[in-house]
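Enquirer: To start, I am sharing the structure in question, which I have written as structure tokens.
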């Protein structure tokens with residue numbers, strides 16, 4: 001049985017990835033430092049599994065070395081990161097520490113570990129935001145980085161660090177850049193779960209600016225399946241974009257959610273859209289060219305937005321206690337308004 005480490009496994013994408021790995025018969029060690037966005041609710045379904053173990057640890061800590069060497073993983077999926085743009089505007093330092101210093105420390109440990117376990121590999125998960133505004137066309141893996149927020153800049157720096165270790169130290173690593181994820185278990189500071197929370201509680205639906213900011217949306221399970229495909233079939237040293245090729249602006253996402261609720265039996269709401277002051281430096285459009293992973297690894301997303309948004313809404317509707325596990329101010333308070 002192959003052994004996998006997932007860092008940041010109490011978070012949104014990490015916990016969904018662990019779920020898929022366990023169902024695929026991998027043994028998984030979840031390493032998470034347990035912050036506001038970490039949630040043990042996300043791992044409740046498999047917490048008693050004999051194939052699963054959790055250790056509280058920051059990837060910046062020295063003890064990460066002992067943990068990795070003792071567990072001896074076949075692969076490390078690095079999802080440990082600060083990810084919310086609005087928070088990076090208010091407090092860039094935590095993003096520098098987690099996304100740059102933390103990745104540096106992990107790379108140093110992995111550089112030595114990979115000498116011992118030559119078949120191991122590191123998959124570093126990043127974002128399409130490193131490319132900045134893509135007003136026309138779609139950004140391929142050779143598109144220049146042009147990050148706009150402290151969050152995006154910190155992720156860009158981490159990507160460059162991994163790339164430099166690949167070239168200089170020949171570490172067996174791969175970098176993936178994914179579009180906006182949505183689905184179950186996402187912290188409601190992000191757009192879709194925040195809108196769902198407000199719909200469920202008959203609150204106005206806040207949309208930045210005029211709602212024209214366009215994002216490429218991918219259902220989280222599709223992303224996780226792509227990550228496993230990259231681990232199994234990806235070429236070491238490469239970058240892979242992971243996206244759906246489908247863009248929707250924030251207003252379209254909001255209206256789609258409202259229409260979805262109208263089709264669910266016995267669910268009624270009278271919520272209204274509320275346009276609010278835009279965030280500073282807000283990119284207008286992200287759009288990935290994912291032809292490389294589709295052609296070379298034969299991966300493609302399976303879940304269209306109409307189906308995915310319904311599955312997402314139904315999960316939150318059926319798991320209202322999830323919101324109770326999160327501080328209310330982290331759901332409702334406006335951030336990044338400087």
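Enquirer: Taking the range 126-151, which residues are touching a strand residue (DSSP E or B) at 6+ places or on another chain (Cβ under 7 Å) and more than 12 Å from residue 241 (Cβ to Cβ)?
Expert: 133, 135
Enquirer: So, of the residues in the range 217-233 that are over 12 Å from the mean Cα position of the chain (by Cα) and buried (at least 23 other Cβ atoms within 10 Å of the Cβ), which turns out to be nearest to residue 310 (Cα to Cα)?
Expert: Step by step, filter the range 217-233, then rank; the result is 226.
Enquirer: Tell me, yes or no, whether the range 227-248 has at least one residue that is closer than 18 Å to residue 206 by Cα and not in a loop (DSSP other than H, G, I, E, B).
Expert: Pass one, the range 227-248, residues closer than 18 Å to residue 206 by Cα: 248.
This time we only want the ones that are not in a loop (DSSP other than H, G, I, E, B), so: 248.
Yes, the conditions are met somewhere in the range 227-248.
Enquirer: Same structure, new question: Applying the selection to the range 274-330, what residues are modelled with pLDDT under 95 and part of a loop (DSSP other than H, G, I, E, B)?
Expert: Once the filter is applied, which keeps residues that are modelled with pLDDT under 95 and part of a loop (DSSP other than H, G, I, E, B), the range 274-330 yields 277, 278, 279, 280, 281, 282, 283, 284, 320, 325, 326, 327.
Enquirer: Let me ask another. Within the range 118-137, can you find the residues that are in contact with a helix residue (DSSP H, G or I) (Cβ under 9 Å, 6 or more places away or on another chain) and assigned to a loop (DSSP other than H, G, I, E, B)?
Expert: Within the range 118-137, 120, 132, 134 qualify.
Enquirer: Let me ask you something else. Determine if the range 19-38 includes at least one residue that is under 18 Å from the mean Cα position of the chain (by Cα), surrounded by fewer than 17 Cβ atoms within 10 Å (Cβ to Cβ), free of Cβ contacts under 8 Å to residues at least 60 places away in the same chain and farther than 15 Å from residue 123 by Cβ.
Expert: yes
Enquirer: Report, by residue number, each residue of the range 160-186 that is surrounded by 20 or more Cβ atoms within 10 Å (Cβ to Cβ), part of a helix (DSSP H, G or I) and out of contact with any helix residue (DSSP H, G or I) (no Cβ under 6 Å at 6 or more places or on another chain).
Expert: Of all residues in the range 160-186, those surrounded by 20 or more Cβ atoms within 10 Å (Cβ to Cβ) come to 162, 165-166, 171, 173-186.
Among the residues that remain, those that are also part of a helix (DSSP H, G or I) are: 162, 165-166.
If the condition is that a residue be surrounded by 20 or more Cβ atoms within 10 Å (Cβ to Cβ), part of a helix (DSSP H, G or I) and out of contact with any helix residue (DSSP H, G or I) (no Cβ under 6 Å at 6 or more places or on another chain), then 162, 166 are the ones that fit.
Enquirer: If a residue must be buried (at least 19 other Cβ atoms within 10 Å of the Cβ) and under 17 Å from residue 5 (Cβ atoms), how many such residues does the range 114-135 contain? So that I can check it myself, show each step before the final result.
Expert: Start the filter on the range 114-135 by keeping residues that are buried (at least 19 other Cβ atoms within 10 Å of the Cβ), which leaves 114, 120-132, 134.
From the residues that got through so far, the ones that are under 17 Å from residue 5 (Cβ atoms) too are 114, 120-125.
Number of matching residues: 7.
Enquirer: Would it be correct to say that residue 242 is closer than 15 Å to residue 182 by Cβ, in contact with a helix residue (DSSP H, G or I) (Cβ under 8 Å, 6 or more places away or on another chain), at pLDDT 95 or above and crowded, with 22+ Cβ neighbours inside 10 Å?
Expert: Numbers: closer than 15 Å to residue 182 by Cβ: yes; in contact with a helix residue (DSSP H, G or I) (Cβ under 8 Å, 6 or more places away or on another chain): yes; at pLDDT 95 or above: yes; crowded, with 22+ Cβ neighbours inside 10 Å: yes.
Spelling it out, residue 242 is indeed closer than 15 Å to residue 182 by Cβ, in contact with a helix residue (DSSP H, G or I) (Cβ under 8 Å, 6 or more places away or on another chain), at pLDDT 95 or above and crowded, with 22+ Cβ neighbours inside 10 Å.
Enquirer: Can you list residue pairs whose Cβ atoms sit under 8 Å apart, with the first residue in the range 261-278 being over 22 Å from residue 332 (Cα atoms) and the second being at pLDDT below 90? Count only pairs 6 or more apart in sequence or on different chains.
Expert: Note: pairs meeting the criteria are 267/261.
Enquirer: Given the residues 46, 41, which is the only one that is in contact with a strand residue (DSSP E or B) (Cβ under 9 Å, 6 or more places away or on another chain), under 21 Å from residue 185 (Cα atoms) and at pLDDT 95 or above? Before you say what the answer is, go through the steps one by one.
Expert: Details: 41 fails: in contact with a strand residue (DSSP E or B) (Cβ under 9 Å, 6 or more places away or on another chain).
Only one candidate qualifies: 46.
Enquirer: State the number of residues belonging to the range 168-188 that are in contact (Cβ under 8 Å) with a residue 12 or more places away in the chain and over 13 Å from the mean Cα position of the chain (by Cα). Let's see the steps before the verdict.
Expert: First, pick out the residues of the range 168-188 that are in contact (Cβ under 8 Å) with a residue 12 or more places away in the chain: 169, 171-188.
Now restrict to residues that are over 13 Å from the mean Cα position of the chain (by Cα): 169, 171-175, 188.
The number of residues fulfilling the criteria is 7.
Enquirer: Being within 15 Å of residue 182 (Cα to Cα), in a helix (DSSP H, G or I) and touching a strand residue (DSSP E or B) at 6+ places or on another chain (Cβ under 7 Å) is the requirement here; does residue 224 meet it? Can you show your working first?
Expert: Details: within 15 Å of residue 182 (Cα to Cα): yes; in a helix (DSSP H, G or I): yes; touching a strand residue (DSSP E or B) at 6+ places or on another chain (Cβ under 7 Å): no.
Judged against the criteria, residue 224 is not a match.
Enquirer: What do you reckon, is residue 271 modelled with pLDDT of 90 or more, surrounded by 16 or more Cβ atoms within 10 Å (Cβ to Cβ) and either within 18 Å of the chain's Cα centre (by Cα) or at negative phi (or both)?
Expert: Details: modelled with pLDDT of 90 or more: no; surrounded by 16 or more Cβ atoms within 10 Å (Cβ to Cβ): yes; either within 18 Å of the chain's Cα centre (by Cα) or at negative phi (or both): yes.
The answer is no for residue 271.
Enquirer: Let me spell it out: the conditions are (1) buried (at least 18 other Cβ atoms within 10 Å of the Cβ); (2) free of Cβ contacts under 8 Å to residues at least 40 places away in the same chain, and residue 201 meets all of them except one. Which number is the exception?
Expert: The one condition residue 201 does not meet is (1).
The values are calculated or read from the model by the stated rules, or taken from the named source; none is laboratory data. Fair warning: this is a prediction, and the values are worked out from it, not measured in the lab. Don't worry about glycine lacking a Cβ; one is built from the backbone with ideal geometry, like all the others, and counts go over all protein chains shown.
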